[in-house]
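Student: This is the structure, below, for whatever I ask next.
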Amino acid sequence: MTDYNVIINLTLAFFLGGIVGWFRELEGKTAGMRTHILVCVGSALFMIVSYKMMILGNNGDPSRIVAGVVTGIGFLGAGCIVQSGSGVKGVTTAASIWITAAIGIAAGAGFYTEALMVVFLTVVALELLRQVEKRVIKTKGD
């Protein structure tokens, strides 16, 4: 992996994390664009460093790094979930942080098609399905 690839991977992670975060920001969620960018770029960097360590023969193991990132993000996401009255809030925010980490890992590994497709699907889930839910709930109430 060249320095050029590293720059591309980290820049892509920055923008893809920003896209997901932007939609959370529009909803006024506390974990917005900056949080998603940092999670995505951080995950990408962990993947890049692990890959480079493996290539250099320094016992790098990308699968172990991925497992560590998933675990760490799980704890971060759990902190977003709170009980509110009779319901629970923050589950979608936790899930968006979790999927943003996966996008960062894919971008860091150079899996651009996969990262782009997951961002597309995530935006569909966050925005398009939110619009559908609003219409269905409005229709049920009428």
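Student: Being at negative phi, out of contact with any Phe, Trp or Tyr (no Cβ under 8 Å at 6 or more places or on another chain) and crowded, with 20+ Cβ neighbours inside 10 Å narrows it down to one of Val69, Val49, Val20, so name that one.
Tutor: That would be Val20, the only listed residue that is at negative phi, out of contact with any Phe, Trp or Tyr (no Cβ under 8 Å at 6 or more places or on another chain) and crowded, with 20+ Cβ neighbours inside 10 Å.
Student: Can you work out which of the residues in region 5-14 that are more than 11 Å from the chain's Cα centre (by Cα) and without any contact (Cβ under 8 Å) to a residue 40 or more places away in the chain is farthest from Tyr51 (Cα to Cα)?
Tutor: Thr11
Student: If you take the residues of region 87-100 that are small (Gly, Ala, Ser) and in contact with a Cys (Cβ under 7 Å, 6 or more places away or on another chain), which of them is modelled with the highest pLDDT?
Tutor: Once the filter is applied, the top-ranked residue is Ala94.
Student: Do we have any residue at all in region 44-53 that's closer than 14 Å to Gly108 by Cβ and basic (Lys, Arg)?
Tutor: Within region 44-53, one or more residues are closer than 14 Å to Gly108 by Cβ and basic (Lys, Arg).
Student: List every residue pair whose Cβ atoms lie under 6 Å apart, where the two residues are 6 or more positions apart in sequence or sit on different chains, the first residue falls within region 26-40 and is over 17 Å from Val82 (Cα atoms), and the second residue, located anywhere, is small (Gly, Ala, Ser) and surrounded by fewer than 22 Cβ atoms within 10 Å (Cβ to Cβ).
Tutor: If the second residue must be small (Gly, Ala, Ser) and surrounded by fewer than 22 Cβ atoms within 10 Å (Cβ to Cβ), the pairs left are Met33/Gly18; Ile37/Gly18.
Student: Which pairs have Cβ atoms under 8 Å, sit 6 or more apart or on different chains, and link a residue in region 47-60 that is within 11 Å of Val6 (Cβ to Cβ) to one that is surrounded by fewer than 15 Cβ atoms within 10 Å (Cβ to Cβ) and at pLDDT below 85?
Tutor: Within 8 Å, the pairs are Ile48/Met1; Tyr51/Met1; Lys52/Met1.
Student: Please report, ordered by residue number, the helices (runs of 4 or more DSSP H) entirely within region 25-134 with at least 1 residues that are over 16 Å from the mean Cα position of the chain (by Cα).
Tutor: Per the criteria, 33-56, 62-78.
Student: Do you know which residues across region 45-62 are out of contact with any helix residue (DSSP H, G or I) (no Cβ under 6 Å at 6 or more places or on another chain) and closer than 19 Å to Gly17 by Cβ?
Tutor: Scanning region 45-62 gives Leu45, Val49.
Student: Gly42 - would you say it is touching a strand residue (DSSP E or B) at 6+ places or on another chain (Cβ under 8 Å) and surrounded by 15 or more Cβ atoms within 10 Å (Cβ to Cβ)?
Tutor: When the stated conditions are applied, Gly42 does not pass them.
Student: Would it be correct to say that Gly110 is touching a residue at least 24 places away in the same chain (Cβ under 8 Å) and either at positive phi or among the small types (Gly, Ala, Ser) (or both)?
Tutor: yes
The values are calculated or read from the model by the stated rules, or taken from the named source; none is laboratory data. Here the structure is a predicted model, which means the values were calculated and not measured. Counting neighbours? That spans all protein chains shown, and the Cβs are built from the backbone with ideal geometry, glycine included.
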